[in-house]
1. Under 12 Å from a point 7 Å along the Cα-to-Cβ line of Ser294: which residues of segment 166-203 have their amide N that close?
2. With no solvent and one equal point scatterer per Cα, compute the Debye intensity ratio I(q)/I(0) for segment 369-485 at 0.10, 0.14, 0.15 Å⁻¹ and report its log10, rounded to two decimals.
3. Which FRET efficiency value, to the nearest 0.05, is calculated for Phe382 and Val107 with the Förster distance at 35 angstrom and r the Cβ-Cβ distance?
4. Which one of Ala473, Leu309, Leu417 is farthest out on the positive end of the charge dipole of the chain, using unit charges on Cβ (Lys, Arg +1; Asp, Glu -1) and the Cα centre as origin?
5. On a 0 to 90° scale, report how tilted helix 356-389 is relative to the longest principal axis of the chain, with both axes built from alpha carbons and the result rounded to the nearest 10.
6. Looking at the square roots a ≥ b ≥ c of the eigenvalues of the Cα gyration tensor of segment 274-336, which shape do they give, rounded for a/c under 1.5, prolate if a/b is larger than b/c, or oblate?
7. Below 14 angstrom from the Cβ of Val494, what's the summed charge of the other residues (Lys, Arg +1; Asp, Glu -1)?
8. Quick one: pull the percent of accessible area on segment 138-209 belonging to carbon and sulfur, 1.4 Å probe, ligands and nucleic acids left out.
Amino acid sequence: MVKFRYVLIACVLAISCLFILYALNLFPLPGTDSRVFIPPAYLLSKGMGFNNPLYDISKIPNLHEAGANPFQFNYYAPFFSLFTGTISKIHPGYSTIFIICALFSVVNLLLYAGTLSKLVNEKTSIIQKVIFVLSIVYVSNFVLPTVGRPEAISTLLIYTLYILYQKRHDISQVVYNISICVLFGLLLTTQIMGFFFGFLFFIIYEVLNSNNIYKTIWINTARFVGVMAIFVIAMSLSPNGFMNTINGIRVHGTWALTRTDRSFAQFFYFWMLAPLSFGFLVISLLCAIVYTRSLIARAKNTTKLQVTLLICLHLIVLYGIPKFILYASPTVYNASQFIFPMMVYLAIAMSSEVDKVTKNSIGIFTGVTYLCGLFLFFRWIFLFVEYKQSGKDYEHAKAVVNQYIHNGEHVYTTLALWPLYEDINHVTVYYDVFPLKKGDLIVLQQANYQDARIEKYLKMCTVVCDWRTNRRATFLGLPLSNSPNSFSFVICRVN
């Protein structure tokens, strides 16, 4: 058993080295949402305020009324950006922030490997051990450091809460309760949906495991008050203040919930095929089946009051899933931040003395999903090698693009290129439609933008620098991507 633990740790250490390497090189390209959370951390680290001039807040009516400065980062729970920005003051820069994100992922993977090692015993089959190793590689696809969203921290907070709950009988109740309040308080100031669902399931298990339901209610009411107190203190310490941030979150949240980017095709892509949440639908359905069976079995030994509370709590969960997760297909991250405890939940079910059909079904479905995740993991490695060999990586791109920007000149740039600029106060990120005028400087990314799309702009522009590449990552002659995964671009000026 000890030897297998070393196998798990070795796997995590290998992935950790890759994550640090990815973070140093800003690979994969920071996603679209990263421009919401990383710029305020970057500006804070450089002593330029807790602001974000890159996020298109003009789409959100009245958001500017929540703060005196329309660029203030006051529209989302601030802890992720505030923490990473404060720590990265040691060496201000985007790569420093992403290294911090990588370290969160590394800790998450180490804790997960530690949990898996405790599930292994003399009855654990070779196939189960292989599935456990594959699961580490699979879940690493969910926590790539350059995703740049608050889930870098909330995923770790949620899993730490899960581990803490499992050890609730082994530590002092004073330490346990303080830890629960602090972790949930930090979670609430990091990812509000993570807190909403996390605290709901925490209370559900508290009710299920209660020997004195009235005591359970009072204890958790006190915990909730403690969490709220920590939340208020943390938000008050934010550079933009408590009320300013609360108002911004309220306005931004109301706008976000009106999103209409949902369809069956989009849902299937983001929940099944998207690289950052690959196969999550399989994991979710398996967990739902095992959980429902377990809940029905355990409910038979509970009191009427417990059953009533459980029904009420589950109705809130069932209301919250479409309201706060399924309202837009890309918001799968509100659910996938629970991936670590979900996978442990399945691993426990696969290792427990349940019927063979259930164990075999979980093993087959998770095994196939994790194996596919292994190919995705290696795909990222091949893409990274091509990224470096092409010469179109972050450091080279940053040096090239800054040769063509005059001091203080305003630049329009596409989604993934904003980390190339030292002063993002003079940068506007735009999509396809923007009121461009003669003389404007535009930097068009090649990644995910396609050359044909770029050529449309070149018809009305003069090319200043064409820094594109024809290279594509391949494996055995098969293309691994439709477009280059690099910082290649074209700089042009509107005629």
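1. So the set is 166.
2. One equal scatterer on each Cα of segment 369-485 leads to -0.37, -0.67, -0.76.
3. Working: r = 27 Å, r/R0 = 0.76.
For Phe382 and Val107, the calculated efficiency is 0.85.
4. About the Cα centre, the residue reaching furthest to the positive side is Leu309.
5. 20 degrees
6. Details: a/c = 4.77, a/b = 1.82, b/c = 2.63.
In terms of gyration-tensor shape, oblate.
7. Details: positive: Lys437, Lys438, Lys456, Lys459, Arg493; negative: Glu409, Asp440.
Summing Lys/Arg as +1 and Asp/Glu as -1 gives +3.
8. Details: 1590 of 2230 Å².
Its accessible area is 71 percent carbon and sulfur atoms.
The values are calculated or read from the model by the stated rules, or taken from the named source; none is laboratory data. It should be emphasised that the depicted structure is a prediction, and the values quoted were computed from it without experimental measurement. With ideal geometry, Cβ positions are generated from the backbone for all residues, glycine too; neighbour counts draw on all protein chains shown. Accessible surface areas use protein heavy atoms only, side chains included; no ligands, DNA or RNA. Shrake-Rupley method; radii C 1.70, N 1.55, O 1.52, S 1.80 Å.
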